[in-house]
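Peer 1: Please find one structure pasted underneath; my questions will follow.
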Amino acid sequence: MTVNSKHSLICDGCGQAASAEHLAARVRRLEWATRWRPLHIQTLLLGAVAPVDEADFIYAAAHEFAGEAARVLRVAGIAGAGKPADAIHHELQRTGIFVGYLLDCPFEGNPGKEALAQLLAGRVPTTLKRIRRSLRPKRVALISPELDTLLEKFTPEALACDVLLDGGKAFKLSETGDALERLRLQLSPAAVAR
């Protein structure tokens, strides 16, 4: 975390002004993701903004996964029904799939498209460095439509790995059906192989 000139805290994970609750939630999400991060990341699914609801965050200790988390499990070919969260996390870890975001925290306040676009653009350099130096995946799949305006930043040269797109745009993981299946097919068999 950093302090800006107005003496308010700025979150290192998202660049937003941060309350104590915001920072505590960030640390909790970071602990969960770190615990279940694969040793060797085959595919990084890169989204724009971390989900608000913990049930949508794939690394949460949720009793049932919903929304984005359920779609990630579907892409990875993991059936979650009736399994404890730890068992599901172990399965996802073994696939080599890891989920990350430009903004590691949910977007707070009144989300205007312009404000979100500026915040996302500001996080690109930090995210590129993190992907190249720390995560080092074999490939990155962009999974949020908000990333479409930033595609020129996410090149194989900038990431030092392959980039998966859906017809020249980010996969729409927020949608069901065809986009999920196209991503699943691009991940087979290497990333989903056990």
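Peer 1: May I ask you to sort Arg29, Arg133 by Cβ crowding, counting other Cβ atoms within 10 Å and putting the fewest first?
Peer 2: Arg133, Arg29
Peer 1: Pull out the extension gain between Glu181 and Asp12, defined as 0.36 nm times the separation in residues minus the alpha carbon to alpha carbon distance; nm, one decimal. Walk me through the numbers on the way to the answer.
Peer 2: On the way: separation 169, 0.36 × 169 = 60.84 nm, distance 3.38 nm.
Going from the current span to full extension adds 57.5 nm.
Peer 1: In nm, what is the difference between 0.36 nm times the number of residues separating Lys138 and Ser188 and their Cα-Cα distance? Walk me through the numbers before you get to the answer.
Peer 2: On the way: separation 50, 0.36 × 50 = 18.00 nm, distance 1.36 nm.
Contour length minus the Cα-Cα distance gives 16.6 nm.
Peer 1: Suppose each label sits 7 Å from its Cα in the direction of the beta carbon; what would the Ala81-Ala121 distance come out to in nanometres?
Peer 2: For the pair Ala81/Ala121, the computed spacing is 4.6 nm.
Peer 1: Still on this structure, please answer the following. Please report, in whole Å³, the volume per residue of the convex hull around the C-alpha atoms of the range 38-187. The partial results should precede the final answer.
Peer 2: Details: hull volume 15.8 nm³, N = 150.
Per residue, the Cα convex hull of the range 38-187 comes to 106 Å³.
Peer 1: Moving on. Please rank Asp148, Asp104, Asp178, fewest neighbouring Cβ atoms within 10 Å first, as an exposure proxy.
Peer 2: Lowest to highest Cβ neighbour count: Asp178, Asp148, Asp104.
Peer 1: Can you pick out the pairs among Lys83/Lys113; Lys83/Lys138; Lys129/Lys169; Lys129/Lys172 whose Cα atoms lie more than 32 Å from each other?
Peer 2: Among Lys83/Lys113; Lys83/Lys138; Lys129/Lys169; Lys129/Lys172, the Cα-Cα distance tops 32 Å for Lys83/Lys113.
Peer 1: Still on this structure, I have one more. Taking a ≥ b ≥ c as the square roots of the eigenvalues of the Cα gyration tensor of the range 80-164, is the shape rounded (a/c under 1.5), prolate (a/b larger than b/c) or oblate?
Peer 2: oblate
Peer 1: Let me ask you something else. Between Leu151 and Arg37, what is the spin-label point distance in nm, taking each point 7 Å from the Cα along the Cα→C-beta axis?
Peer 2: 2.9
Peer 1: How compact and how long is the range 2-65, expressed as Rg and Dmax of its alpha-carbon atoms in Å?
Peer 2: Rg and Dmax of the range 2-65, Cα atoms, are 13.8, 42 Å.
Peer 1: Just rank Thr155, Thr95, fewest to most, by other beta-carbon atoms within 10 angstrom.
Peer 2: Neighbour counts put them in this order, fewest first: Thr155, Thr95.
Peer 1: How big is the charge dipole of the range 127-178 about its Cα centre, in debye rounded to the nearest 20, if each Lys and Arg gets +1 on its Cβ and each Asp and Glu gets -1 on its Cβ?
Peer 2: With Lys and Arg at +1 and Asp and Glu at -1, about 500 debye.
Each value in this text was obtained by applying a stated rule to the coordinates, not by laboratory testing. Just so it is clear, the model here is predicted, and its values are computed rather than measured. So basically every Cβ, Gly included, is an ideal-geometry build from the backbone, and we count neighbours across all protein chains shown.
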